[in-house]
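The values are calculated or read from the model by the stated rules, or taken from the named source; none is laboratory data. As the structure is a prediction and not an experimental result, all values here were calculated from the model. Here the Cβ is made from the backbone with ideal geometry for all residues, glycine too, and neighbour counts use every protein chain on show. Heads up: the accessible areas ignore ligands, DNA and RNA and are worked out on the full protein's heavy atoms, side chains in. Shrake-Rupley method; radii C 1.70, N 1.55, O 1.52, S 1.80 Å.
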Amino acid sequence: MKLLMIEDNHSVSQMMSMFFKKEKWDAHFAYDGNEAMEMFSATPNDWDMITLDLNLPGMDGMQVSAEIRKLSPTVPIIMLTARDSESDQVLGLEMGADDYVTKPFSPITLIARIKALHRRAELGPISKSNEQDALNDTEAFDVVTENFKLNTKTREAYLNDRQIQDLTPKEFDLLKTLAQKPRQVFSREQLLQLVWDYEYYGDERTVDAHIKKLRQKIEKVGPQIIQTVWGVGYKFDDSGADQQ
């Protein structure tokens with residue numbers, strides 16, 4: 001794994017470098033936002049993971065996250081935030097981060113989060129030349145409904161045979177969880193437990209932030225299939241999606 005840690009605290013970076021080395025990861029470090037963007041933009045397709053502190057000199061973490069997403073819509077990003085900054089956590093997720101870890105944090109916790117997120121991202125999409133054949137082969141899809149198909153191995157999702165582009169690992173898992181049980185209503189707490197598959201003490205607004213970004217990507221290819229059930233949570237419903 002090639003990892004970029006963007007962290008202005010040298011002590012934290014030095015500590016994590018030992019853990020990254022133990023995992024045999026190719027870890028690189030940037031100590032301010034501008035340096036981070038220079039490193040990332042030089043080879044945007046080569047990075048497998050980003051850890052991003054929000055409080056950075058030069059260009060802050062929110063700006064860095066937004067700029068990274070312009071260059072790579074899918075590279076996994078884990079934010080590092082202060083424990084009492086829930087608004088920053090939600091805003092960071094809306095800016096494109098996949099997950100967050102609060103400071104001070106245990107290195108073992110961060111390593112576990114990185115591994116969990118990397119497992120979801122390591123399988124790439126199928127080639128364009130084979131895309132139509134794959135669409136016609138319904139057995140290749142793990143979830144097939146009236147107007148929707150999802151392949152867990154290639155981590156691709158299609159609405160009316162149009163691919164929903166640039167899904168981050170968490171967005172894909174969230175969509176899969178909902179689509180596996182069409183029209184079943186999931187509370188935010190249930191989605192936190194099912195999609196974030198580790199002991200998670202997150203704010204339920206984390207789910208709302210991911211739903212918002214997921215809906216934006218769905219609407220680029222077709223009608224909205226993630227419905228809000230007010231006072232309860234969310235459900236997947238693609239019935240009638242082909243008529244809109």
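Quick one: order R205, R113 from most to least accessible surface, probe 1.4 Å.
Highest to lowest solvent-accessible surface, that is R205, R113.
How much accessible area per residue does the chain have, counting only protein heavy atoms and a probe of 1.4 Å, in square angstrom?
49
A 30 angstrom limit on the alpha carbon distance is what I want to check against. Which of K2/K181; K153/K213; K21/K213 exceed it?
Those over the limit are K2/K181; K21/K213.
How tilted is helix 107-121 with respect to the longest principal axis of the chain? Cα atoms for both, answer in degrees (0 to 90, nearest 10).
Taking Cα atoms only, the helix is inclined about 30 degrees.
Take the alpha carbon atoms of segment 4-67, find their center, do the same for segment 200-240, and report the distance between the two centers in whole angstrom.
30
Placing unit charges on C-beta atoms (Lys and Arg positive, Asp and Glu negative, everything else neutral), compute the dipole magnitude of the chain about its Cα centre in debye, rounded to 20.
360
Any chance you could list P(r) for the chain, counting all Cα-Cα pairs in 10 angstrom bins from zero, rounded to whole %?
Distribution as computed: 7, 31, 34, 20, 7, 0 percent.
Quick one: Debye curve from the alpha-carbon atoms of segment 149-244 only, equal weights, vacuum; give me log10 I(q)/I(0) at q = 0.17 Å⁻¹ to two decimals.
Per q value, in the given order, log10 I(q)/I(0) is -0.71.
Per the helix-only calculation at 222 nm, which mean residue ellipticity applies to the chain, given -39500 (n - 2.57) for every DSSP H run of n ≥ 4 and division by its residues, nearest 500 deg cm²/dmol?
Computed ellipticity for the chain at 222 nm equals -12000 deg cm²/dmol.
Starting from the residue with the highest accessible area, list V143, V185 in decreasing order, probe 1.4 Å.
Correct descending sequence by accessible area is V185, V143.
Going by amide H atoms built from the backbone, whose H comes under 5 Å of the H on A27, apart from near neighbours?
Answer set, sorted by chain and number: L3.
Could you compute how fast segment 34-74 diffuses translationally, taking Rh as the Kirkwood radius over C-alpha pairs and applying Stokes-Einstein at 4 °C with viscosity 1.567 mPa s? Give it in µm² per second.
125
With all protein chains present, calculate the accessible area of E146 using a 1.4 Å probe and round the result to the nearest 10 Å².
We get 130 Å² for E146.
Note the full-extension length gain between D60 and D46 as 0.36 nm times their separation in residues minus their Cα-Cα distance, in nm to one decimal.
2.8 nm
By per-residue mean of other Cβ atoms within 10 Å, what is the highest-first order of 151-157, 161-167, 72-78?
So the peptides 151-157, 161-167, 72-78, ranked by packing, come out 72-78, 151-157, 161-167.
Roughly how many debye, to the nearest 20, is the charge dipole of segment 1-97 about its Cα centre, given +1 on each Lys and Arg Cβ, -1 on each Asp and Glu Cβ, and no other charges?
Charge dipole of segment 1-97: 380 debye, to the nearest 20.
What fraction of the DSSP beta bridges in the chain is antiparallel, stated in percent and rounded to the nearest 5?
If we restrict to bridges inside the chain, about 45 percent are antiparallel.
Modelled label-to-label distance, H118 and R205, 7 Å Cα→beta-carbon offset: nm?
Modelled inter-label distance: 3.1 nm.
How far is it, in nm, from the label point at L194 to the one at K21 when both lie 7 Å from their Cα along the line to the Cβ?
4.3
Quick check for me: using +1 on Lys/Arg Cβ and -1 on Asp/Glu Cβ, what's the dipole size of segment 52-108 about its Cα centre, in debye to the nearest 20?
140
From the alpha carbon gyration tensor of segment 2-123, can you work out the equivalent ellipsoid semi-axes (sqrt of 5 times each eigenvalue) and give them in Å, largest to smallest?
Ellipsoid semi-axes (Å, largest first): 18, 17, 15.
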